[in-house]
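The values are calculated or read from the model by the stated rules, or taken from the named source; none is laboratory data. The structure displayed is predicted, hence computed values, not measured ones. Because the Cβ atoms are built from the backbone with ideal geometry, glycine has one as well, and the counts that use them run over all protein chains shown.
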Amino acid sequence: PDGVGVPFSFGAIDPVPSDVDELTVPGGWAWEPIVRWGDPLFPGAPALDPEHQTAEAQAQQFGYNNDFLAILPDGPGALTGLLVCNHEYTNEEVMFPAAQWSTRGRELRRAAMAAHGMSVVELVREEAGGPWSYVVGGARNRRIHLDTPFRLSGPAAGSELLRTEEDPAGTTVLGTLNNCSGGVTPWGTVLSGEENVNSYFVGSPTEEEKRFEITASPTAHGWESVQRRWNLGLEGCRNEANRFGWIVEVDPQDPTSTPVKRTALGRFKHEGANVRVDPATGRVVAYMGDDSRFEYLYKFVSRDAYREGDAAHNRTLLDHGDLFVAKFAGNSPAGEIDGEGGLPSDGAFDGTGEWIPLTRDGASAVPGMSIDQVLVNTRAAGDAVGATAMDRPEDVEPSPVSGLVYVALTNNTDRGAKDRNLSEELPADEANPRTKNRDGHVLELSERGGSAVAERFDWSILLVCGDPAEDSSAYFAGFDPARVSPISCPDNLAFDSTGRLWISTDGAPSNIGYNDGLFRVGLEGGERGRVEQFLSVPVEAETCGPVVHDAENMVYVAVQHPGEDGSHAAPSSFFPDYVPERATPAPGQVRGPRPAVVQVYRP
Ligand code: FEO
Ligand code: CA
Ligand code: CA
Ligand code: CA
């Protein structure tokens, strides 16, 4: 048989048109939510009541727009465990009645702040492979939101660039923001990426802030009307935006622990971070993407080695080390990448690459920039060393089976049309081979010598996404396009125990016209490039956080922003409660859509 080990079997579902408000799973599988927006996490916390939502209630409830997801059983086959989840952003027009903005807008804005951040929730189940329930009042339950103190650590902690009037030492930040994807470290902590944090700040931007896409326009969330710190123009607030855009590390086992922002990993629009231990040296390597058009791919290599079982030591690993940015070179004859599809004459989109140091041995490796400047304005450091502008790097994840590294490049319709400054054209290249890249692609990186700490790599394109029935440039590593599920906008990645790649998508409805979903991709032998769709999410939702525990026949997804184009008064999705029309919602249910974490299992 092809591949590594035996995958669990399912019949791939047909792609689901984008007007279908259902969560669709293969025959013989069932789904149910584990926890939904507004579910109470603590004793005495109220059930969700969107007509009367308060910040105090929300701070005790599961947050909005669940994205990254970790499911951590307390041991193999354990009947207890933890769910850890990011709450990336809020859709206020869907969450709250429009009429309330004029009378209690301040409270709604504070409730939206409390719906951001992260949740840690205890789980229980009756048998391995059976569905979990969450525990109200679990001893490890925790909400992290915009009032939660974070410690800044690493080389930029205390930097002048991170000091504000509220925090003159530049070492403590209130809250985490726009947490997108993340990863679980080998030492059991959770990493979470602060992504589009620019959209919460207002103020005449400096050059550095413009490079971070901060603008002078009032924000959609309007928090600048509630708290001073979101207005960079106010006295003492200038640096507040510099205190977001980091990788944060949380110990989910200890609800009293102070979460940490790791400045050694740089500041950009972090999708997430995935860590592995280099087998030869024991040093740990974190792979990271900066999710904007024409942004870069990064990796961090720790100075010190991982020590099995030494939690205190391992929690210092991400504070000392070198930060690198990727530069790609193609190997096909010049002029063959025309951006319109078709393989180059050497038969593959492939080539070599180098990891260019931005910091080295605790100092800046970029001429003219201090280490504080490199870490706070990391995009500018990447510009200075000639990093390769990519088509929106999302999850970057090493295979635990093969050691190869996979990069989801979600899309970039500006490729070949504009550059990031929206002025000149940045053409297709071999690593980003499609002009107006609507459907995205997936890269496979092989570190030289199989060493995670190598400074050179080889690469090839695994998938050029799309619907092969309509797009002849879609490419599936040579697999027969007539036998794959159409896929568009790869975002989050995961692996099962056999080393097969799982991809969740964000943006398929507006591109190939199908709902977003979760897909399994073979990587080895005759099944390399075979894409099979496992599930599909409801109207206007994105599929996030996939977790695949194939030994237990369990798959988990975070269903983010269902019905996001609707409104509170006129919902466009009714997931997951599906309260019948004119019926009174049962206790704990609501009529409109709710982001929710879903488990898929074999009943
Ligand atoms: Fe929040 Fe990059 O997706
Ligand atoms: Ca080539
Ligand atoms: Ca994402
Ligand atoms: Ca995305």
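Of note:
- Checking 472, 460, 488, 497 one by one, the residue that is buried (at least 19 other Cβ atoms within 10 Å of the Cβ) and of a type outside the set (A, V, I, L, M, F, W, C) is 488 and no other.
- Selection status of residue 309, in a loop (DSSP other than H, G, I, E, B), free of Cβ contacts under 8 Å to residues at least 12 places away in the same chain and over 19 Å from residue 157 (Cα atoms): yes
- Total residues in region 185-237, condition acidic (Asp, Glu) and either closer than 19 Å to residue 108 by Cβ or touching a helix residue (DSSP H, G or I) at 6+ places or on another chain (Cβ under 7 Å) (or both): 4
- Listed by first and then second residue, the pairs linking a residue in region 278-303 that is more than 15 Å from residue 355 (Cα to Cα) to a residue that is modelled with pLDDT of 95 or more and of a type in the set (Val, Ile, Thr), with Cβ atoms under 7 Å apart and 6 or more places separating them unless they lie on different chains, are 278/285; 278/453; 281/453; 283/301; 283/453; 284/275; 284/277.
- Some residue of region 218-239 being within 16 Å of ligand 1 (Cβ to nearest atom) and either within 24 Å of residue 118 (Cβ to Cβ) or buried (at least 16 other Cβ atoms within 10 Å of the Cβ) (or both): yes
- Unique residue being at pLDDT below 95 and more than 16 Å from ligand 3 (Cβ to nearest atom) when the list is 153, 204, 159: 204
- Scanning region 359-387 for residues that are within 17 Å of residue 206 (Cα to Cα), touching a Gly at 6+ places or on another chain (Cβ under 9 Å) and of a type in the set (Gly, Ala, Ser) turns up just one, 381.
- Any hit, region 518-528, residues being farther than 20 Å from residue 15 by Cβ, hydrophobic (A, V, I, L, M, F, W, C) and either in a strand (DSSP E or B) or at pLDDT below 95 (or both): no
- Considering residues of region 325-340 that are within 28 Å of the chain's Cα centre (by Cα) and surrounded by fewer than 20 Cβ atoms within 10 Å (Cβ to Cβ) only, the residue nearest to ligand 1 (Cβ to nearest atom): 327
- Residues of region 279-308 classified as away from ligand 1 (no atom under 16 Å from the Cβ), of a type outside the set (A, V, I, L, M, F, W, C) and over 11 Å from residue 186 (Cβ atoms), total: 7
- Summed over region 341-397, residues that are assigned to a loop (DSSP other than H, G, I, E, B), within 16 Å of ligand 2 (Cβ to nearest atom) and polar (S, T, N, Q) total 2.
- For region 505-555, residues that are closer than 19 Å to residue 31 by Cα, more than 16 Å from ligand 3 (Cβ to nearest atom) and out of contact with any Lys or Arg (no Cβ under 9 Å at 6 or more places or on another chain) total 9.
- Flag if residue 448 is free of Cβ contacts under 8 Å to residues at least 40 places away in the same chain and either within 30 Å of residue 282 (Cα to Cα) or surrounded by 15 or more Cβ atoms within 10 Å (Cβ to Cβ) (or both): yes
- For region 532-603, the strands (runs of 3 or more DSSP E) that sit wholly inside it and include 3 or more residues that are out of contact with any Ser or Thr (no Cβ under 9 Å at 6 or more places or on another chain) are 554-560, 596-601.
- Any chance residue 421 is farther than 23 Å from residue 348 by Cβ and part of a loop (DSSP other than H, G, I, E, B): yes
- For region 440-455, a residue qualifies if it is within 16 Å of ligand 1 (Cβ to nearest atom), touching a Lys or Arg at 6+ places or on another chain (Cβ under 9 Å) and either assigned to a strand (DSSP E or B) or not small (Gly, Ala, Ser) (or both), and exactly one does: 441.
- Among the residues of region 329-340, those that are more than 13 Å from ligand 2 (Cβ to nearest atom) and of a type in the set (Asp, Glu) comprise 338, 340.
- Scan region 503-517 for residues that are surrounded by fewer than 23 Cβ atoms within 10 Å (Cβ to Cβ) and either within 13 Å of ligand 4 (Cβ to nearest atom) or in a strand (DSSP E or B) (or both) and the total you get is 4.
- Just one of (1) of a type in the set (S, T, N, Q); (2) buried (at least 16 other Cβ atoms within 10 Å of the Cβ); (3) out of contact with any strand residue (DSSP E or B) (no Cβ under 9 Å at 6 or more places or on another chain) fails for residue 359. It is (3).
- Residue 138 falls short of the stated requirement of being small (Gly, Ala, Ser), within 25 Å of the chain's Cα centre (by Cα) and either under 21 Å from residue 557 (Cα atoms) or surrounded by fewer than 23 Cβ atoms within 10 Å (Cβ to Cβ) (or both).
- Condition check for residue 82: more than 16 Å from ligand 2 (Cβ to nearest atom), farther than 26 Å from residue 197 by Cα and among the hydrophobic types (A, V, I, L, M, F, W, C): yes
- Some residue of region 456-476 being in contact with a Gly (Cβ under 6 Å, 6 or more places away or on another chain), in a loop (DSSP other than H, G, I, E, B) and among the acidic types (Asp, Glu): no
For (1) within 16 Å of ligand 4 (Cβ to nearest atom); (2) within 24 Å of the chain's Cα centre (by Cα), each residue gets a yes or a no:
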position	(1), (2)
389	no, yes
394	yes, yes
397	yes, yes
423	no, no
428	no, no
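- Residue check: residue 149 meets all listed conditions (1) touching a residue at least 40 places away in the same chain (Cβ under 8 Å); (2) within 21 Å of the chain's Cα centre (by Cα) but one, namely (2).
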